[in-house]
Structures are given as C-alpha cells and as structure tokens.
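A.B. asks: Take this structure first; my questions come after.
The values are calculated or read from the model by the stated rules, or taken from the named source; none is laboratory data. Quick caveat, the model's predicted, so the values are computed rather than measured. Here the Cβ is made from the backbone with ideal geometry for all residues, glycine too, and neighbour counts use every protein chain on show. Each accessible area value is taken on the protein alone, full model and side chains, heavy atoms only, with ligands, DNA and RNA left out. Shrake-Rupley method; radii C 1.70, N 1.55, O 1.52, S 1.80 Å.
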Amino acid sequence: MCQVDEEYNGQLEHRVTPRVSKKCVKCKENAAVLIIRAGDAFCRGCFKEYFIHKFRAMLGKNRVIFPGEKVLLAVSGGPASSSMLSQVQEGLSRDAPKKLRFVPGIIYIDEGGASGQSMEERERAVAQLESVFRATNYHYHIVHLEQVLSLPSSVLEAGSSATEKPQTGSSYKAAVDQFIQTRKNQHPDLSVENAQSHLSSLSMQEVEHGGTSPITPEQTQALQRLFASVRTLTAKEDLLHTLRQHLILHTARTQGYTKVMMGDSCSRLAIKLLSNISLGRGASLATDTGFSDPRYGDVVIVRPMRDYSSKEIAYYNRMFDIPSVFIPGLDTKAQDKASIQHLTESFVTKLQTDFPSTVSTIYRTSEKLHTACPPQNTNTQPSAKCLLCVCALDTKLEEFSAYQATLISEQLSQRRGPGPGFTPGTAAAPGLPPASSASQCCYSGGGQHQGCMTGEGGCCSSAKEPETVDLKSLLCYSCRLTIKDMTAEDALPQYILSEAERRKRRSQMREEISEFLLDEEEDEAILRVNGSL
C-alpha cells in the first residue's frame, strides 16, 4: 500500500507535452503563422498556395465547367461565398499560372423581406455588397425575394440538358484546345498565353452592371403573409431555401448561365447532411451535398468550396482581407432548439470543438452517397418529380412500405370519434374516402338529384366553387412536411399553384386515356419489331 511519507521524486517521470513546430510544414523555412489541424502549421505564403490549389484541384478533378461557359456565382455576403468570389478573381487574373476559362457573373438574393428587415437596412446591405461587386468588374444581379411572386411556372420544369458536354478527360482537353484555337483565329495577334488570359477580360469588357428591380409594398406584404402562414421556423427555413433556389435558377436561365456556383463549405455540408436526414430528405442527399447537382437539366449547381472547413475560410479571409457582409437571417439570435437546422448546427459545432474530426467524418460519409433513383432527364415525366424541390418523388412506393405505414398511423391518430349516427362497420379504411362519397349526391331527398341541380353550391351545380388542388400528392416527403406546417396553402406564389393545377389536369387526362396508352415495355417491343422489318 502507498504510504504518506514515501518519496517518489526520483521515480516519477515528467511527461513532455508535444509542441507544434514553429516552422512551416511545407517550406520548412518560414515561421508558421497558423495551425489548421494538429501538426499542419503553415506560413502565410504556403497557406495561400494551399488554399488556392485546393480550389483549382476541385474544379480540375471534376471537370464540369468547360471553357467559355457562363457561370453564375451565388454570393450571400458570408465568409464562404465571399472567399469563393475571391478564388474566382484569383483564377481569372493575368498573373495566375493556370487560369480559369469561364465567364463569371454574380447574383445576390435579398431576403430581408422574409426576415423582417426594414427597407433602410436592406438598402444599406445591398449598397455594401454592390461596392464589393463593382470592384470585381463582373456582371452582377441583385434580386429581391419578392420577385419570386412573379416567376413563371416554367421554372419548376427541368430544362433540356442536350447541350451538356460529356465529362471525360479527352473531351475536356479537346474543348480547351478548341477554345484556344478559336481565340487565336479571332485574334491572330494573340499568343497562346494571351489567348488563355483573354477570357478573363471578357467579363470585364462591354458589360453592364445589373441593377436592382423596384419592389412595391404590396409585394413585401404578400411575402410576409406567406412566411407568417408557416408555423415553425424549420418549415420557414426550408421554404426560404426552396424559393431562393427558384430565383437563382430563373436568373441563370434568363441570363444564359449554364452553371451556378454555391459557396457551401465542408462544415456547412456536414450540417446540411444531418439536418436533411432529420427533415426526411434522405433520398436526395447525394444531390444536395455532392459536388454537382444536375436535377434542373439545363443548369447545373456546383459546390467548389466543399473541401474547405469554416476554420480555413475564416483564417484566409482574415489574413488576406477578403471583405464580407453580415446580413441577419431568419435564425439570427434564435435559440438552439428553435429549428431542426439550427439545432443540428449547434450540435455539430459543439461536437467539433471537443472532437476535431467530427465535420470531416460526416463530410467523407457524404462523398460515398449515391442516389438509388435513376438519373433524371428531360424525358422524365414532371409528375415523377417533386413540385417544389424538383427531386425524384420518394412517395410513390409500393403499398407495403414504411412510408405507407407512416401515413396510416397519421390518419388513425387524426380520426375523430364516432358521431351520433355512427354504426359499426360503416367506417372507411384508413387513407380511403367513404364509399358513398363517390356514388351519392349531396341532396338527401333521393331521386335524380333534383334539389342538388337547382341548389347553389351543390355537388352537381354549375355554381359549385372549384376544388383546391391537393399539393401533397405532387410533393416529396420532406416538402409535404413543410406544406403541412402552413395554415393557408393559397398563400404560396401563383406559379406554384398554377403548375400544381396543370400537373393535376395532365394526371387526370392520363388516367382517362390510360387504357389506350402503351406501356414502356410494349412500346420498346414494337419499336424493335418495326426496326427488324
């Protein structure tokens, strides 16, 4: 046993705490100024090279953006999107060793109307961002969220992707060579190096800066009524993200952009992965967190900042004076449990503090995800896609599935108690309408609907009000939860309601003529027979 008077001074060894090297791990010469991870100490110059190379490597590895394409940069004013804009400027500069070869544009979505900001605060934030955008000499677009109320219904349809080039190494190199040769033919006095750098000046010459479209107080009030009809902050953030995507997509299509760059960082994607699982978007995780998102067909969303952590972005912006603008949103100053998205962000951030590999582990998991649904194209029926998020519907499953079990449980929990005229055996099965509703008239006098035809508002009367469109059958599981939290579906923008009504009419028409239509297998068999004759 241990004794109090025993001395251990000579036997106990002093534990040496490991220290981080004061030299840069890359150049081994300059003094380190920051530590990204344990053992990764960089000097100022090596950290800049590391940061820039990471951005170029992400674009070069995927080879989605081809020379001469117009790329729209979605900038919110935050650190990640501002850093992305800085990387594009660096890649298009004349001093860059390997120049980027696309034509950039900038878009900013003003969401102040949804978060309750005054017009003076919104104008102040737009003015600060416009000063940043003008310094880049890129074409920019300031779009207010109120403009979503006047979008056409065509924004919910997938465009033609026939112009998309094959993503192979040989075709990409051929496109680069063809681009350089075309520039040399148009400008014979330019060398190869000057031809490569000529593209960087295209976005700075003969371009007019985009202005802000005026909005009316009526539009702002309509937008505020829309978000006031949503009960939970979780549904508000999900609806805001959907409307923002629609505005970006519409601007890209009208202005001729084929790619959209998002500033989602590794930390943001890790939070998005867990929150989307909680929201029921597991079927679309691969497209929501992957490098490219081709769900819209003619416009592809890319995420070149997905390898950067929020710590790396903060260090880079601080050291190299990258301007950013803080703009309050829906969840600003909200409690951790105010929404699923905010709670997930708080959980991941706090866990990352104690376990530094948390974000990277979640992020590496997202890289292994692949969608189980077949690739979508323009030939895919619109009814097979969600009305809001344009992802493949995950609700059209077989009868015996977990989703159908969830629906039956929900319907059973919402059923009211039996009324005074209830008799055993008359209750309808869960999820099915009463059998008498389709065969009996609302007129209780019997006969040939005499009173119903003459009465106003009867089921057989011509003055009956049109039925509202049931949106749930056109939505995926997660979007159904969002619409379920709304008190009034008619507060949605008109383009969503119009497209829902159009899809309903087409679905009914297809059901009416279904017996005259050929199945896909029969159609392919007939084509093979005709081809052999």
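A.B. asks: I need the helices (runs of 4 or more DSSP H) fully contained in region 217-331, keeping only those with at least 3 residues that are in contact with a helix residue (DSSP H, G or I) (Cβ under 9 Å, 6 or more places away or on another chain) and open to solvent by 20 Å² or more (accessible area, probe 1.4 Å).
C.D. replies: 217-228, 233-255, 266-279, 310-319
A.B. asks: Let me ask something else. May I ask you to list the residues in region 103-123 that are touching a residue at least 40 places away in the same chain (Cβ under 8 Å), over 19 Å from Ser82 (Cα atoms) and touching a Gly at 6+ places or on another chain (Cβ under 7 Å)?
C.D. replies: Ser115
A.B. asks: Taking region 83-116 only, how many residues are closer than 22 Å to Lys311 by Cβ, of a type in the set (Ser, Thr, Tyr) and open to solvent by 10 Å² or more (accessible area, probe 1.4 Å)?
C.D. replies: Within region 83-116, residues that are closer than 22 Å to Lys311 by Cβ, of a type in the set (Ser, Thr, Tyr) and open to solvent by 10 Å² or more (accessible area, probe 1.4 Å) number 1.
A.B. asks: Listed residues Arg244, Arg306, Arg281; which is farther than 25 Å from Thr482 by Cα and not hydrophobic (A, V, I, L, M, F, W, C)?
C.D. replies: Working: Arg244 fails: farther than 25 Å from Thr482 by Cα; Arg281 fails: farther than 25 Å from Thr482 by Cα.
On inspection, the qualifying residue turns out to be Arg306.
A.B. asks: Can I ask one more? Restricting to region 330-348, give me the number of residues that are free of Cβ contacts under 8 Å to residues at least 24 places away in the same chain and of a type in the set (Ser, Thr, Tyr).
C.D. replies: 1
A.B. asks: Could you list all residues from region 130-155 that are assigned to a helix (DSSP H, G or I) and either more than 12 Å from Ile248 (Cα to Cα) or of a type in the set (Asp, Glu) (or both)? Walk me through how you get there before you give the answer.
C.D. replies: Going through region 130-155, the residues assigned to a helix (DSSP H, G or I) turn out to be 130-136, 145-150, 153-155.
Passing the criteria: Glu130, Ser131, Val132, Phe133, Arg134, Ala135, Thr136, Glu146, Leu149, Ser150, Ser153, Ser154.
A.B. asks: Can I ask one more? So which pairs qualify, if the first residue must be in region 263-282 and at negative phi, the second must be part of a loop (DSSP other than H, G, I, E, B) and among the acidic types (Asp, Glu), the Cβ gap must be under 7 Å, and the two must be at least 6 apart or on different chains?
C.D. replies: Every condition considered, the pairs that remain are Cys266/Asp307.
A.B. asks: Kindly indicate which of Arg295, Arg244, Arg303, Arg253 is over 17 Å from Leu369 (Cα atoms) and in contact with a strand residue (DSSP E or B) (Cβ under 9 Å, 6 or more places away or on another chain).
C.D. replies: Arg244
A.B. asks: Something else now. State all residues of region 343-367 that are of a type outside the set (Val, Ile, Thr) and either assigned to a loop (DSSP other than H, G, I, E, B) or open to solvent by less than 30 Å² (accessible area, probe 1.4 Å) (or both); if no residue qualifies, say none.
C.D. replies: Within region 343-367, Ser346, Phe355, Pro356, Ser357, Tyr363, Ser366 qualify.
A.B. asks: Additional query: Can you name every residue in region 1-43 that is in contact with a Lys or Arg (Cβ under 8 Å, 6 or more places away or on another chain) and either open to solvent by less than 100 Å² (accessible area, probe 1.4 Å) or at pLDDT 90 or above (or both)?
C.D. replies: Those that are in contact with a Lys or Arg (Cβ under 8 Å, 6 or more places away or on another chain) and either open to solvent by less than 100 Å² (accessible area, probe 1.4 Å) or at pLDDT 90 or above (or both): Asn30, Ala31, Ala32, Val33, Ile36, Ala41, Phe42, Cys43.
A.B. asks: In region 103-161, which residues are of a type in the set (A, V, I, L, M, F, W, C) and closer than 18 Å to Leu223 by Cβ?
C.D. replies: Ile109, Ala114, Met119, Ala125, Val126, Ile142, Val143, Leu145, Val148, Leu149, Leu151, Val155
A.B. asks: Going through region 312-329 one residue at a time, which ones are under 17 Å from His53 (Cα atoms) and either in contact with a strand residue (DSSP E or B) (Cβ under 7 Å, 6 or more places away or on another chain) or without any contact (Cβ under 8 Å) to a residue 12 or more places away in the chain (or both)?
C.D. replies: Within region 312-329, Glu312, Tyr315 meet the criteria.
A.B. asks: Something else: In region 46-67, which residues are outside any helix (DSSP H, G or I) and open to solvent by 40 Å² or more (accessible area, probe 1.4 Å)?
C.D. replies: Arg63
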